[in-house]
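Taking it in order: structure first as structure tokens, then the write-up.
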């Protein structure tokens, strides 16, 4: 058999998230990234997805290492669930895992939280190679919306791979750490068999623009804000948080962080020295009463409209310590991720109804900039790397198609650009590249319980789903009062439902209590549905010690 | 009691759609518009909403007329369902209804289709007044994305109202018919008590831009298209269709229209002389085989990703006569309406996977322009009308808030600008305006059966929902093959389910048949869910002669 390298995306192609890529050489497998996916509205009762690793169970190869490109959930978030499975497949031989400082720190927090007794080793950006079986990997600094993002050069016996996941080329990043063009260019000169490239920005011509320019916008708004200055953004965007902190300090405002996962990420960034807030500038939430509104900046989780996030609770008037005032300003420093538009717009409407000034992407483009390069940046990477073949990753099919069009305009031939689906293998030999077998890849579900952004969920894969059964809760709710019209009906399938009448009675009480706190005309049915779901899941778990799929069916009356 | 005019929005405030506004003077009610609303993803099993007219049933006033501003579904679409109810409330005294030529023609088509034996009278833009009880109304031409759009000046004994619903100020519209600035300005000089104004574009600074400039973009694309030139847009955008037809004629392409409601609207436009296609240029679908691909332009319904629309069927390879070729070009000449992003993106991905060139808003802004004015146009209307009070309509709360900010920057005081919710009455006297009572307004549902865009649905309001009961269909579907794993489970509530086992057997057969036509890895779960829903609804109706709420629960295995 020829000297072959196999490349297979288990996730990250066609649906952007749950990134996980396999590089196989003989009996060795090197894994890059291990991310979460996010459920869409067709996946009722399910919130999160994992990459499907059943191929690895069948292939029975040795997993010689796992590399992480950067610290976003869709690249590291599945690790606590998947690593224990990988370990079992590897005969409990620990798998060496590597990432750059911030990536490793975030991933290690997660592993610790879930009680996984293994750690990611930190790799500096010093050009040294990590040797893993027949693979040699080196991490190359690029800019993105989270610190220490890297591309990875993977040298294999068959040829060199440039794994260029999420990036942009920002020459004035807030932390001053620009992409390592010299290294990328050197890699290109040594010859690259294939470039795997981020393609999410391929619909946009030109360049994406620098994170740095947002400071001015924050300054403009904070200057005229008479009340609390409230900013919601992604937890991992440390540059953004630094900018808000800096501007706040200049205008004599103290900073409070709200949101459990945001605080955890912030603490990691502070520990590594990536987030610098003057001592005493930061204030704990329980001290809020000691400060007047115009001396406060709140940095709040929930920019995607997540229910139970800090931002949603504040907007709905449900946050114990924080009430919105009409002279406050709320800034959405994030675009809605496709699919979240409706829920984000509802959140904005809810805030606007309280008379509070809200600034968001549709009325100002000055408070968010994408972390993904646009066409010119994608083209610049191609020109530096000069690969023989290209595989766009991390995009939907339309992004890959737009990327291919652009690569062709740079002189690449169509048959050197591979548009894949998850599970589609590419076989590299020393002389060519071609499509290989197709590995069946399914959706594996995880369910979110706590509601705190993406924290505190429990693994519940397909098997558990079928073991756990299904509970359908039919609630008739009066749209004028937001209250239950009568006792909810409970439909149980997949396990013995002898207790379902008692359960229905208890649920009736608990739902009545929960809903009575939100009496009044219903404007947000998504919120009601989620409330019913959450209360029901907790009750069912307490009573039955099981976690079935809970489907709330809310009927407006 | 003082001389009072009451204004109440029954719909159209806070959720953009199902526009319906009441003007009451003593015992007389004048209605403006009667539109459909569109369900969001939280309203499982429901597709369309009607304005709730239960207040009119209670108020027992005389409905002295109904005026229509323009021919969009969210302004006229509820008429076939609501008019018969209004008639009954009015002791079967016919209610005079008026609209401009295109609006009346579209609405009359609808009324005829549903067997409603009443018609809208056509009003020309000649400045003459329609006298309806104590009200006198005149129609003023404005530009928008459907021909013959009007604003309405309503003279009442209390003062003049300028009802300024959906519009933009396009000074080079494709049909050459510009807004009647002279009339608007004259109205302003006579004094206006209140301006009701479109506010949907209030998030955008500047002007929206003219429809006219799109012709160039179409020309650029048609010039390089080697195969079929396929354009999908809104049925009612006759200017857009005229542009595509004109460019197609210039490049020697014949035109085929695809989509039942699109064809109906097109025929209305042709009858009125608003759509001019050279004889023999238009071709029937069954003649398609006589023309080579590069001699064809297809104008296709389904720009919002609607399942079973022409565009979805073509993209999914399910259209009998039309197969996508890799040298075809598909142009989305419409932005996704908020909430439709995910389904439109899936449609685009499906087309891109076939190797066909797709042009859509994220990669080119040159194929669609909004029908709603941006801030400068909204400001221009205020300056021309010079109202004492302003009520933004037809927007979400955030749009109203942005509109109010802008109106304040023009010198209006906050307490002369009313931000309402549906059902919130405003009481005008000769000297002032203030908030009045709140009318309870609920959601009234309509269910879509045929799937052909917004045609062929059946009224199913709340009462029927509770009468009809609910059927939950649990299907386990193999994500690798798209086929049923076992017999679906049927859960019935709200009616006697003695037949549910027989129903389950029949459904099993029919679903198997339907799914077997789409064997292969499932990429579009929304499509599967809708297919299950459609097949089940038909079967249930055939077997049980009832239309319960059907909830397909598709479990991926």
Identify, please: which residue in the range A:164-187 is within 22 Å of the chain's Cα centre (by Cα) and not in a loop (DSSP other than H, G, I, E, B) and is, among those, surrounded by the most Cβ atoms within 10 Å (Cβ to Cβ)? A:164
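Of all residues in the range B:128-163, count the ones that are under 24 Å from the mean Cα position of the chain (by Cα) and in a strand (DSSP E or B). Show your work before the answer.
Start the filter on the range B:128-163 by keeping residues that are under 24 Å from the mean Cα position of the chain (by Cα), which leaves B:139-153, B:162-163.
From the residues that got through so far, the ones that are in a strand (DSSP E or B) too are B:139-141, B:143, B:150-153, B:162-163.
Adding up the residues that qualify gives 10.
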Please verify whether the range B:28-44 includes one or more residues that are surrounded by fewer than 18 Cβ atoms within 10 Å (Cβ to Cβ) and at pLDDT 90 or above. yes
Mind counting the residues in the range B:360-382 that are more than 10 Å from every other protein chain (Cβ to nearest Cβ) and either closer than 23 Å to residue B:224 by Cβ or without any contact (Cβ under 8 Å) to a residue 40 or more places away in the chain (or both)? 6
Report, by residue number, each residue of the range B:408-426 that is part of a helix (DSSP H, G or I) and either within 11 Å of another protein chain (Cβ to nearest Cβ) or under 16 Å from residue B:193 (Cα atoms) (or both). B:414, B:415, B:416
Within the range B:346-359, take every residue that is part of a helix (DSSP H, G or I), at the interface with another protein chain (Cβ under 9 Å from one of its Cβ atoms) and out of contact with any strand residue (DSSP E or B) (no Cβ under 6 Å at 6 or more places or on another chain) and give me the one that is surrounded by the most Cβ atoms within 10 Å (Cβ to Cβ). B:350
Restricting attention to the range B:384-398, does a residue exist that is away from every other protein chain (no Cβ under 12 Å), part of a helix (DSSP H, G or I) and modelled with pLDDT of 95 or more? yes
Is at least one residue of the range A:486-505 modelled with pLDDT of 80 or more, more than 10 Å from every other protein chain (Cβ to nearest Cβ) and out of contact with any helix residue (DSSP H, G or I) (no Cβ under 8 Å at 6 or more places or on another chain)? yes
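I'm trying to understand the selection: among the residues of the range B:273-292, which are out of contact with any strand residue (DSSP E or B) (no Cβ under 7 Å at 6 or more places or on another chain) and either surrounded by 17 or more Cβ atoms within 10 Å (Cβ to Cβ) or part of a strand (DSSP E or B) (or both)?
Scanning the range B:273-292 gives B:274, B:275.
Do the conditions hold for residue B:343, that is, is it in contact with a helix residue (DSSP H, G or I) (Cβ under 8 Å, 6 or more places away or on another chain), more than 8 Å from chain A (Cβ to nearest Cβ) and either modelled with pLDDT of 90 or more or under 16 Å from residue B:237 (Cβ atoms) (or both)?
no
Could you list all residues from the range A:506-521 that are more than 14 Å from chain B (Cβ to nearest Cβ) and either surrounded by 14 or more Cβ atoms within 10 Å (Cβ to Cβ) or modelled with pLDDT of 80 or more (or both)? Before you say what the answer is, go through the steps one by one.
Residues of the range A:506-521 that are more than 14 Å from chain B (Cβ to nearest Cβ), as a first pass: A:506-519.
Residues satisfying the conditions are A:506, A:507, A:508, A:509, A:510, A:511, A:512, A:513, A:514, A:515, A:516, A:518.
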Residue A:296 is checked against (1) more than 23 Å from residue A:110 (Cβ to Cβ); (2) within 22 Å of the chain's Cα centre (by Cα); (3) crowded, with 20+ Cβ neighbours inside 10 Å and fails just one. What number does that condition carry? (2)
Take residue A:540 and tell me if it is at pLDDT 70 or above and either away from chain B (no Cβ under 14 Å) or not in a strand (DSSP E or B) (or both). yes
Checklist (1) more than 10 Å from chain B (Cβ to nearest Cβ); (2) at pLDDT below 75 applied to residue A:524, failing item: (1)
The condition from (1) assigned to a helix (DSSP H, G or I); (2) crowded, with 20+ Cβ neighbours inside 10 Å; (3) modelled with pLDDT under 95 that residue B:377 misses is numbered (3)
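The values are calculated or read from the model by the stated rules, or taken from the named source; none is laboratory data. Here the structure is a predicted model, which means the values were calculated and not measured. Virtual Cβ from ideal backbone geometry, glycine too; neighbours counted across all protein chains shown.
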